[in-house]
Amino acid sequence: MGKKVPYADLEKQLKKLQKEAARCKAAEEALRLSKERHSQIVQGTPIPTFVIDNQHRITNCNRSFEKLTGIPASEMIGTRKQWMTFYSKERPVMADLIVDNASEQDILKYYGTKYQKSQVIDGGYEAEDFFPELGENGKWLFFSAAPLKDAEGNVIGAIETLQDVTERKLAEEGLRRSERRLRAFMDFLPYPVVVFTLDGRVYYVNSEFTNTFGWTLHELEGKTIPSVPQGLEEETSEMIKRLLAERIIQRHETKRLTKDGRILDVVMRAAVYSVSKNEPAGEIVIYRDITREKRIARNNEAILRISTALPEYPDLEDLLDYISNEVKRLLETEGALVTLLDEERDELFFLGAAYDDTAAVKRVKEVRFPMDRLVAGKVIETGEPIIVSDTSEDPDLHKERDNKLGYHTRNLLLVPLRSGDRIIGVLAAINKKDGDFDRTDTALLSTIAGTVSLSVENARFSEEIIKAYRTNDALLRISTALPAYPDLEELLDYISNEIKRLIGTEGALVVFHDEEKQELFFLGSAYDDTDTQKRVKESRFSMDQLVSGKVIRTGEPLIISDTSKDRDLHQERDKKLGYTTRNLLLVPLRSSDRIIGVLSAINKKGDDFNQADVELLSMIAGTVSLSIENARFSEEIKRAYREVSSMNRAKDKVINHLSHELKTPVAVLSPTLNILAKKLAGLPEETWKPAVERAQRNLERILEIQYGVDDIMQKKQYKTHEFLSRILDECADELEALIAEAVGEGPVIDRVRQRVEKIFGPKAAVSEEIRLDKYVRERLKALKPAFSHRKVKVLSRLKPARPVYIPVDPLEKVVNGLVKNAVENTPDGGKIEVRVHEKKKGTELVVRDFGVGITAENRRRIFEGFFTTQETLDYSSKTPFDFNAGGKGADLLRMKIFSERYHFKIDMTSSRCGFIPKSSDLCPGSIKKCRFCKKYEDCYQSGGTTFSVYFPPVPSKKIRKEATA
C-alpha cells in the first residue's frame, strides 16, 4: 500500500477543491451570464447577425437574421448550415474563414476583389456581394465578420453582421444608368457641355467640348479650365455670381480660349442643378461656338457694304480704295490691292489700294507693270487664284515690284476679277498678319471679288449713265433753248458753250457756209479765252483756208489730233484768231438736202479726240441743225403771227362797226313796222298783214343775230348808248318842247330814254342761285308752243338737284338753244330726252336728241364761230324749230363763250345717222317717210346728238364777293 496521506492534507486539498469548484461554478455562471448577455445583445441589434464558435457551429442568430433569410433560428443554431443562407452548395462563409484563421489568399479565392480588411476591428473583414439565393430576386448584402477571442486572445468563434443594401445598390445602378444615358445624351449634343462642381471644378465635359476647345475629360476632371482670356476675368466672375443668384442664365456672349491658344466667340447658357431639393450640387454650362457665324456675318456685312457702296462712292477710285480697306480688315492683312488690266496697253495698274503704311498707297498708284512682271498677270491669264506663301522662295519675281513700291511682301493671295466672259483684273491681299493664307481666305476673297467685279462694272456703267444723262440733258437744253434765245446768234453761242462743257475742250465753234460768197464765218462761238471769242466773230475765211471747207465738201467728220503736223494749213487761221490750236474735231451740220456748216470742238483737255467724241458731236450737230431750222421757222411764225394779229384787230373793228351799223337800222325798222301796221289797220288784213308779218319775222331773225353778236363780243363798247344818253340828258327840255309842238304833250322823253336803254344799253348780268330742275321745267313749258306744229316727243326727267349759280339771261339762252337745236335736228316721229340730275358735287343738264347726228368733220368744228352743219340757204325758207331749219351758227359759239365766262362745262357727243352718212345726204324730215326705217326704233338707234352741261357747286359768299369786286 502506498503511503498514507495525512488527514490534514486531505482536508486542505478538499477545501482547495471546494474553492476551485466554487470558482468554476462562478466562472460557469459568469460564462452563462456572459452568453446570455451576448445573446441578448445579438438579439437586440436591428442588424442581421449570427455567431459561430470555434467548431463552426451557430451559437446565435437574431430575429433580424431570421427576417433577412426567412429561416427560423431554431433550425440554424447548433448547426453548421450557415452557408445555406447564402449559397446553393456548401462553402465557408466569411465567419468560417476567420475562425480557421484563413490567409488573405484563401479569402481572395472565395471573394475575389470584393473584400477588404476592416478599418475598425483587427482581424476583421468586410465585403459586398449579390446573393441570388436570397429572396425572390436575390439581394445585395454588405457583410462584415470579426473574430471572437477569449481573455488569452485565443479565437473562440466569430461574429458576422449582414446589411441588406439592395435598395441602395439598385438606386446606385439606376443612377449609373441615368448617368450613362445623360453622358450619352451630352456626348450626342452638337454643342460643347461642361458640368462643374460648385467650387468650379470640372466634373464632366462632353466630346464636342474636346473637339471645340481641345481639352479631354481626363485632362480637366477635378480641375478648373484655363479658358478665360486675359481681361475677361472680372466679367466671368460677375457672370458666376449672377448664375448662383438667378440659378439660370439664358444667354451670355463672350470669348473663350482653346487649348492651342485660339480665341473663340461663344454664346453660353448656364444653370445650377440640384440632386436634392433646393440644395445646389453644381453647374452645367452649354457653349455655342459662334466664331464662324460672326465671321460670316462680318463678311456678309462687308460684302453688303461693298455692294451698296456705289452711291456713296460714285468715283471708281474712291470705291476701290474703300473695298481694299474692307479686304484688309476682313482678312487681317497689312495691305490689299485692286489691280486692273489696261487691255489697250497690256499693262497692269493699281486703282484701289489700302496699306497700314499710308505712304505705300500713294506710291502704288503711281506705277504700272507689264503683264508678265507680276503674279497678277498669271492670275489674269489662267483665271485661277494663287497663294504665294513665301515670296523668298522666288525673290526675282517679287524683287522688282517691291523695289518700285518701297514695300516688302512676305506672302500673297490673288483672285481674278471676272466680268462676264473676261477677266478685268485681280484682287490681292498682302502680308497676312497671323499665319498663312488658306482655302477659307481664298473662298472669302473670291466672294468679295465677285462683288468687286459687279461694283466695278456698276461704277463704269454708272459713269456711262451719268455721261449719257449729261449728254441727253445737254441735247435737251440745246433743242429747247429756242424760246430762251430767240436771236440765232445768241442761240448758237449758248450751244457752243454746251459743247465746250460737255466734251471738255477749250473752245467750240459753229461755222456757217455763205453760199453766195463761198466763205465761212462764225456765228456761234465759246472759248475759255473770251477775247478769242470776240475776235472769231469778226473773221471770215475762204472755203479752202479752213479744214471746215473740206468737211462741208465731203460731208464726213474729221479728227486732227496734232495740228503741228500740217502747220501751213492751220497757221493763218491761228494768226488771225490769235489762238493756238492743238487738235480739232469737226462734224458737218446737215439741213435736209444740204450741208449748211460745221460744228467744231477745239483743243480737248487732257486727252485726244476719239470716236466717242465724233458720235457725240454728230448727235449734237443734228440737234443744232434742227435748232437752227427751228429758229428760222420761229422767225417766220412770228412774222405770220404779227400779220394774223393785225388782221384779227381789223376783223374785230369791222365786227364792232357792223354790229353798231346793224343795231341802228334795226332800232328804226321795228317801230316803223309798228307804225305801218297801225296805218294799215283800216284796210283788209289779207292785203297787208302777211307782208308785215314776214317783215317782222325777218326783223326778229336779225335781232337774234345782233343779240348773239353782243354776247360773243365780250369787250364791246357801248358808244352809241353813251352818246344818245348824253344828248337826252343835255337836250331833254328842247326835245320835249319840239315833240309836244308836233304831236302834243306826253311823257315822250321817258319813253325815248327807255327805248334807247333797251336797244343800246348794257345788259345787267348778275349771277344768282337757280334750281335747275324747276327752271328747265318752266323753259320747256314756255317753249312748247313754239314747236307745237312738230310731231316730236320731249321726255323730261328732272330730278331735284343742287342749285346753280349763273345769271338768268345766259342760262335761258343756253337752255333755249339746246332744246331748239335738238328739235330742229329730230325728224317728226322722233324723240328728245331732257335730264337734270346731280353729278359729283354739282348739277348736270343733258339734252339728247335721236335725230340725224353730226358728221365727224363737223363735230370737230361745232363750237367755232358762225359755223353751221347745214347749208345757209336751208334756213331762209323755214321758221325756227322746223326740221332742218339750220341756224345762224352763233348759238353754240355763244354757249361756249358763256361756259368760259360763267365757269360751267359744255360737252357734245354725236353719231351721224348711218343711212345718211354725208352732210349732203338729206333726211326726209319724218320717220314715216324714211325708206330705211321700218319702225320708229330703227331711227332711234341710227344716230343722235347729246349735249351735257355741267354746273359746278355754288361758290361761297366770300368767293362771290371777290369775283364781284
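The values are calculated or read from the model by the stated rules, or taken from the named source; none is laboratory data. Keep in mind the model is a prediction, meaning the values are calculated, not measured. Reconstructed Cβ throughout: ideal geometry from the backbone, glycine too, with neighbour counts over all protein chains shown. Remember, those area values only see protein heavy atoms, side chains included, never the ligands or the DNA or RNA. Shrake-Rupley method; radii C 1.70, N 1.55, O 1.52, S 1.80 Å.
Tell me, yes or no, whether the range 387-396 has at least one residue that is among the aliphatic types (A, V, I, L, M) and touching a strand residue (DSSP E or B) at 6+ places or on another chain (Cβ under 7 Å). Write out each step before concluding.
So in the range 387-396, the residues among the aliphatic types (A, V, I, L, M) come out as 387-388.
Subsequent filtering for residues that are touching a strand residue (DSSP E or B) at 6+ places or on another chain (Cβ under 7 Å) retains 387-388.
Checked against the condition, which is being among the aliphatic types (A, V, I, L, M) and touching a strand residue (DSSP E or B) at 6+ places or on another chain (Cβ under 7 Å), the range 387-396 yields at least one hit.
So that you can scan it fast, the table gives a plain yes or no per residue for (1) open to solvent by 30 Å² or more (accessible area, probe 1.4 Å); (2) in a loop (DSSP other than H, G, I, E, B); (3) in contact (Cβ under 8 Å) with a residue 60 or more places away in the chain:
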site: K896; (1), (2), (3): yes, no, no
site: T909; (1), (2), (3): yes, no, no
site: F915; (1), (2), (3): yes, yes, no
site: S920; (1), (2), (3): yes, yes, no
site: C933; (1), (2), (3): no, yes, no
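Could you please tell me which pairs satisfy a Cβ distance under 6 Å, a separation of 6+ or placement on different chains, a first residue in the range 223-243 that is modelled with pLDDT of 90 or more, and a second residue that is surrounded by 11 or more Cβ atoms within 10 Å (Cβ to Cβ) and part of a helix (DSSP H, G or I)?
Once the first residue is modelled with pLDDT of 90 or more and sits in the range 223-243, its partners that are surrounded by 11 or more Cβ atoms within 10 Å (Cβ to Cβ) and part of a helix (DSSP H, G or I) give V228/T236.
If you check every pair at least six apart or on different chains, which have Cβ atoms under 6 Å apart with a residue in the range 755-775 that is open to solvent by less than 100 Å² (accessible area, probe 1.4 Å) first and a residue that is at pLDDT below 85 second?
Note: pairs meeting the criteria are V756/L724; I759/A667; F760/T720; F760/H721; G761/H721; P762/Y718.
Give me the pairs: first residue in the range 250-262 and within 19 Å of K294 (Cβ to Cβ) and at pLDDT 90 or above, second residue among the β-branched types (V, I, T) and part of a loop (DSSP other than H, G, I, E, B), beta-carbon distance under 8 Å, and six or more apart or on different chains, which are they?
Once the first residue is within 19 Å of K294 (Cβ to Cβ) and at pLDDT 90 or above and sits in the range 250-262, its partners that are among the β-branched types (V, I, T) and part of a loop (DSSP other than H, G, I, E, B) give E253/I290; R256/V228; L257/V228.
Only one of (1) over 24 Å from T581 (Cβ atoms); (2) open to solvent by 50 Å² or more (accessible area, probe 1.4 Å) fails for S455. Which number is that?
Single failed check for S455: (2).
Would you mind finding the one in L170, L220 that is closer than 25 Å to L141 by Cβ and out of contact with any His (no Cβ under 9 Å at 6 or more places or on another chain)?
Every option except L170 fails the conditions.
Suppose we filter the range 511-532 for residues that are crowded, with 17+ Cβ neighbours inside 10 Å, in contact with a Phe, Trp or Tyr (Cβ under 9 Å, 6 or more places away or on another chain) and not hydrophobic (A, V, I, L, M, F, W, C); how many remain?
Residues in the range 511-532 being crowded, with 17+ Cβ neighbours inside 10 Å, in contact with a Phe, Trp or Tyr (Cβ under 9 Å, 6 or more places away or on another chain) and not hydrophobic (A, V, I, L, M, F, W, C): 4 in total.
This table checks each residue for (1) in contact (Cβ under 8 Å) with a residue 60 or more places away in the chain; (2) basic (K, R); (3) more than 16 Å from I620 (Cβ to Cβ).
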| residue | (1), (2), (3) |
| --- | --- |
| V511 | yes, no, no |
| K517 | no, yes, yes |
| D528 | no, no, yes |
| Q533 | no, no, yes |
| D544 | no, no, yes |
| G549 | no, no, yes |
| I560 | no, no, yes |
| K576 | no, yes, yes |
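Would you say K467 is open to solvent by 50 Å² or more (accessible area, probe 1.4 Å), over 18 Å from E317 (Cα atoms) and not hydroxyl-bearing (S, T, Y)? Full working, then the answer.
On the way: open to solvent by 50 Å² or more (accessible area, probe 1.4 Å): yes; over 18 Å from E317 (Cα atoms): no; not hydroxyl-bearing (S, T, Y): yes.
No.
Need at least 3 residues that are open to solvent by less than 50 Å² (accessible area, probe 1.4 Å), farther than 30 Å from I286 by Cβ and touching a strand residue (DSSP E or B) at 6+ places or on another chain (Cβ under 8 Å) per element, so show me which strands (runs of 3 or more DSSP E) inside the range 72-189 make the cut, counting only ones lying wholly within it.
Correct list: 125-131, 139-149, 155-164.
Checking V536 against (1) open to solvent by less than 30 Å² (accessible area, probe 1.4 Å); (2) modelled with pLDDT of 85 or more, which test does it fail?
For V536, the failing item is (2).
Return the only residue of A184, A145 being at pLDDT 80 or above and among the small types (G, A, S).
It is A145.
Matching residues to (1) open to solvent by less than 50 Å² (accessible area, probe 1.4 Å); (2) more than 19 Å from A474 (Cα to Cα); (3) over 47 Å from the mean Cα position of the chain (by Cα):
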residue	(1), (2), (3)
S561	no, yes, yes
Y579	yes, yes, yes
L599	yes, no, no
D607	no, yes, no
N610	no, yes, no
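Residue-wise test of (1) over 14 Å from V338 (Cβ atoms); (2) in contact with a Pro (Cβ under 6 Å, 6 or more places away or on another chain); (3) in a helix (DSSP H, G or I); (4) modelled with pLDDT of 85 or more.
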| residue | (1), (2), (3), (4) |
| --- | --- |
| D434 | yes, no, no, no |
| L445 | no, no, yes, yes |
| I466 | yes, no, yes, no |
| T471 | yes, no, yes, no |
| S496 | yes, no, yes, yes |
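Those residues that are free of Cβ contacts under 8 Å to residues at least 40 places away in the same chain, open to solvent by 70 Å² or more (accessible area, probe 1.4 Å), closer than 13 Å to V836 by Cα and outside any helix (DSSP H, G or I), I need them from the range 776-821; list them, please.
Passing the criteria: L795, K799, P800.
Select, from A481, A429, the only residue that is small (G, A, S), touching a residue at least 60 places away in the same chain (Cβ under 8 Å), part of a strand (DSSP E or B) and open to solvent by less than 20 Å² (accessible area, probe 1.4 Å).
Criteria check complete, one pass: A429.
State whether the residues of the range 227-236 include one that is open to solvent by 60 Å² or more (accessible area, probe 1.4 Å) and under 19 Å from E208 (Cβ atoms).
No: the range 227-236 contains no residue that is open to solvent by 60 Å² or more (accessible area, probe 1.4 Å) and under 19 Å from E208 (Cβ atoms).
Is it true that N154 is out of contact with any Asp or Glu (no Cβ under 9 Å at 6 or more places or on another chain) and within 30 Å of V51 (Cα to Cα)?
yes
Check every one of the helices (runs of 4 or more DSSP H) wholly within the range 287-390 and list those with 1 or more residues that are under 30 Å from V193 (Cα atoms) and open to solvent by less than 40 Å² (accessible area, probe 1.4 Å).
291-307
I'd like to check something: does the range 590-597 contain any residue that is within 15 Å of L520 (Cα to Cα), assigned to a helix (DSSP H, G or I) and either open to solvent by less than 30 Å² (accessible area, probe 1.4 Å) or in contact with a strand residue (DSSP E or B) (Cβ under 9 Å, 6 or more places away or on another chain) (or both)?
no
Among the candidates T879, T869, T843, T826, which residue alone is part of a loop (DSSP other than H, G, I, E, B) and modelled with pLDDT of 90 or more?
T826
Any residue that is open to solvent by 30 Å² or more (accessible area, probe 1.4 Å), part of a loop (DSSP other than H, G, I, E, B) and free of Cβ contacts under 8 Å to residues at least 40 places away in the same chain - is there at least one of those in the range 395-406? It would help to see each step written out before you state the result.
Narrowing the range 395-406 to residues open to solvent by 30 Å² or more (accessible area, probe 1.4 Å): 395-397, 399-400, 403-404, 406.
Next, from what is left, pick out any that are part of a loop (DSSP other than H, G, I, E, B): 406.
Retained after the next criterion (residues that are free of Cβ contacts under 8 Å to residues at least 40 places away in the same chain): none.
Scanning the range 395-406, I find no residue that is open to solvent by 30 Å² or more (accessible area, probe 1.4 Å), part of a loop (DSSP other than H, G, I, E, B) and free of Cβ contacts under 8 Å to residues at least 40 places away in the same chain, so the answer is no.
Is there a residue in the range 168-179 that is closer than 30 Å to T69 by Cα, of a type in the set (G, A, S) and at pLDDT 85 or above?
For the range 168-179, residues closer than 30 Å to T69 by Cα, of a type in the set (G, A, S) and at pLDDT 85 or above: absent.
For the range 367-385, how many residues are of a type in the set (A, V, I, L, M) and more than 16 Å from D396 (Cα to Cα)?
Of the residues in the range 367-385, 3 are of a type in the set (A, V, I, L, M) and more than 16 Å from D396 (Cα to Cα).
Could you please let me know if Q545 is among the polar types (S, T, N, Q), open to solvent by 40 Å² or more (accessible area, probe 1.4 Å) and within 49 Å of the chain's Cα centre (by Cα)?
The answer is no for Q545.
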